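The values are calculated or read from the model by the stated rules, or taken from the named source; none is laboratory data. Keep in mind the model is a prediction, meaning the values are calculated, not measured. Cβ atoms come from the backbone with ideal geometry, glycine included; neighbour counts cover every protein chain shown. We work out accessible area using only protein heavy atoms, side chains counted, and drop any ligands, DNA or RNA first. Shrake-Rupley method; radii C 1.70, N 1.55, O 1.52, S 1.80 Å.
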Amino acid sequence: AFDSNGDDLPGGSQGFPGYSPDNAVDRSRSNLGMYVDSEFNFTDNFLAALAFRYEDYSDFGSTFNYKLATRLKVNEDLSFRGSVSSGFRAPSLAQLYYNLKFTNIVAGVSLPSLLSANNSTVTKSFGIQQLEEEQATNASIGFTYKKSGFTATVDAYTINVDNRIVLTDNFDASGLGLGVDAAQFFANGADTKTTGIDMVFTYNTRINDDNALNFGLTG
């Protein structure tokens, strides 16, 4: 066999057999969200913002999140700012209900496998709990500065995500009588932390009435 360029196609196999009626699902969800957002100028130089959000999902539960942000203007050139907030990501319909039988190749050996839906009795028998939302906590602090054509913004941030939804490794399912040797599941299985600093520096000046010079550095 040859590809479109006339080169030999390497040998291989496809472990995905396609979908059968057993894989078919008809699922939907509804959700209700309510939020309130407000800003307060306590003084000409001090601004604070506060927000709350509530959401209720028909298939996994409810979640409540918040945001607090503030800005302090030291003078016309320098301001400090910071924020703390929480967030979430609901499990998708596919992560909740997708299911499939397929063949993996592990160490050169074919491994009939099952990707089991989260609401399946098979999934529950392995101790995998009902999927919950991924939860995030975010914080940032930084400043902005401008003077004579020069501007700078620097912000440090951290993002902590708990209960991230991941696909598990293979579990032994040879004794279940399902015609597979292994099973995999979507589960709230990982916590992650991301930290960093965003920096933007610009300098703008005019050479003459018709020409300007602009420099920019971001990192």
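Some points to look at:
- Solvent exposure ordering (accessible area, 1.4 Å, most first) of Ser62, Ser125: Ser125, Ser62
- Whole-percent carbon and sulfur share, accessible surface of the chain, 1.4 Å: 54 percent
- Charge dipole (debye, nearest 20) of the chain; +1 at Cβ of Lys and Arg, -1 at Cβ of Asp and Glu: 560 debye
- One equal scatterer on each Cα of the chain, no solvent, Debye formula: the resulting log10 I(q)/I(0) at q = 0.10 Å⁻¹ is -0.75.
- Pairwise Cα distances in segment 112-219 exceed 21 Å for 61 percent of all pairs.
- For segment 48-71 versus segment 137-153, the inter-centroid distance based on Cα atoms is 26 Å.
- Surface accessible to a 1.4 Å probe, per residue, for the residues of segment 136-210, Å²: 61 Å²
- Over all other residues within a Cβ to Cβ distance under 14 Å of Leu115, the charged ones net out to -2, with Lys and Arg as +1 and Asp and Glu as -1.
- Under 12 Å, Cβ to Cβ, from Arg89 - net charge with Lys/Arg +1 and Asp/Glu -1: -4
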